[in-house]
Amino acid sequence: MSKTPEVVPAPPRWAVIAAHAVPLLVLPAGLWRLALGFGLPVAESSPYLNAEPATLAYMIGLTVLGELLAYLTLGLVRPWGEVFLGRRVDARLATGAALVGSAGLFLAVGWSVYAEVAGLAAGDLTVLTPAQQALFLGCYLPLAAWPVLLAAVAVAYHRRRTLAGQ
């Protein structure tokens, strides 16, 4: 005898907005990286400026990977995050993966801030013009919200899936 599937409550509106914001917050950093690789004047000097084909391919790949990972946040508020390819998604597995990803992002953001303050960063922001610094910070600072939003949306996903008994 099969158990009748219970209806999963709709995600809270704030979680839907947060999940949709994540790919948009990640996008500026990727666009800045691509602009640098293609030689646009976003930096005075950088080892990546007018990048070699292999380096440019890496930068494009990193940008695409970042956007795809950010896009996965939408699975926590969309039906494909509950049933994928006809199979019910294990809420514990999805929540665990999202929280591990969020922890990794917290570490990456923390390390980036520490490396910049301690002078360990690969690039030197002081060689940028004030306009380039503002552009860089405007593109990269939104990334700091990614781990916070991902963790919040993951917890909301877990709560609503647990409430539905799934």
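Any residue in segment 6-22 that's touching a residue at least 12 places away in the same chain (Cβ under 8 Å): show its pairings with residues that are open to solvent by 80 Å² or more (accessible area, probe 1.4 Å) and assigned to a helix (DSSP H, G or I) at Cβ separation under 7 Å, as long as the two are six or more apart or on different chains.
The qualifying pairs are P9/L163.
Here's a check for you: in segment 93-106, which residue that is free of Cβ contacts under 8 Å to residues at least 24 places away in the same chain and over 15 Å from the mean Cα position of the chain (by Cα) is nearest to L143 (Cα to Cα)?
If we take residues in segment 93-106 being free of Cβ contacts under 8 Å to residues at least 24 places away in the same chain and over 15 Å from the mean Cα position of the chain (by Cα), then G96 is nearest to L143 (Cα to Cα).
Which number in (1) in contact with a helix residue (DSSP H, G or I) (Cβ under 6 Å, 6 or more places away or on another chain); (2) within 24 Å of L25 (Cα to Cα) marks the one condition that W111 misses?
Against the list (1) in contact with a helix residue (DSSP H, G or I) (Cβ under 6 Å, 6 or more places away or on another chain); (2) within 24 Å of L25 (Cα to Cα), W111 comes up short only on (1).
Can you tell me which of (1) under 15 Å from the mean Cα position of the chain (by Cα); (2) closer than 30 Å to L163 by Cα; (3) in contact (Cβ under 8 Å) with a residue 24 or more places away in the chain is the one V109 doesn't meet?
So the condition that V109 fails would be (2).
Restricting attention to segment 29-58, and to residues there that are among the hydrophobic types (A, V, I, L, M, F, W, C) and outside any helix (DSSP H, G or I), which single residue is modelled with the highest pLDDT?
So in segment 29-58, the residues among the hydrophobic types (A, V, I, L, M, F, W, C) come out as 29, 31-32, 34-36, 38, 40, 42-43, 49, 51, 54, 56-57.
Among the residues that remain, those that are also outside any helix (DSSP H, G or I) are: 38, 40, 42-43, 49, 51.
Values: F38: 84, L40: 81, V42: 80, A43: 76, L49: 63, A51: 66.
Residue satisfying both the conditions and the ranking: F38.
Would you tally the residues in segment 96-136 being exposed (fewer than 12 other Cβ atoms within 10 Å of the Cβ), at pLDDT 85 or above and hydroxyl-bearing (S, T, Y)?
Total satisfying the criteria: 1.
Would you mention how many residues in segment 137-166 are under 17 Å from the mean Cα position of the chain (by Cα), open to solvent by less than 50 Å² (accessible area, probe 1.4 Å) and hydrophobic (A, V, I, L, M, F, W, C)?
Result for segment 137-166: 11.
Would you mind stating whether V22 is closer than 26 Å to T129 by Cβ, at pLDDT 95 or above, part of a helix (DSSP H, G or I) and open to solvent by less than 30 Å² (accessible area, probe 1.4 Å)?
No, not satisfied.
The values are calculated or read from the model by the stated rules, or taken from the named source; none is laboratory data. This one's a predicted model, so the numbers in the text were calculated from it and none came from an experiment. Note that we place each Cβ from the backbone using ideal geometry, even for glycine, and neighbour counts take in every protein chain shown. All accessible areas refer to the heavy atoms of the entire protein, side chains included, with ligands and DNA or RNA removed. Shrake-Rupley method; radii C 1.70, N 1.55, O 1.52, S 1.80 Å.
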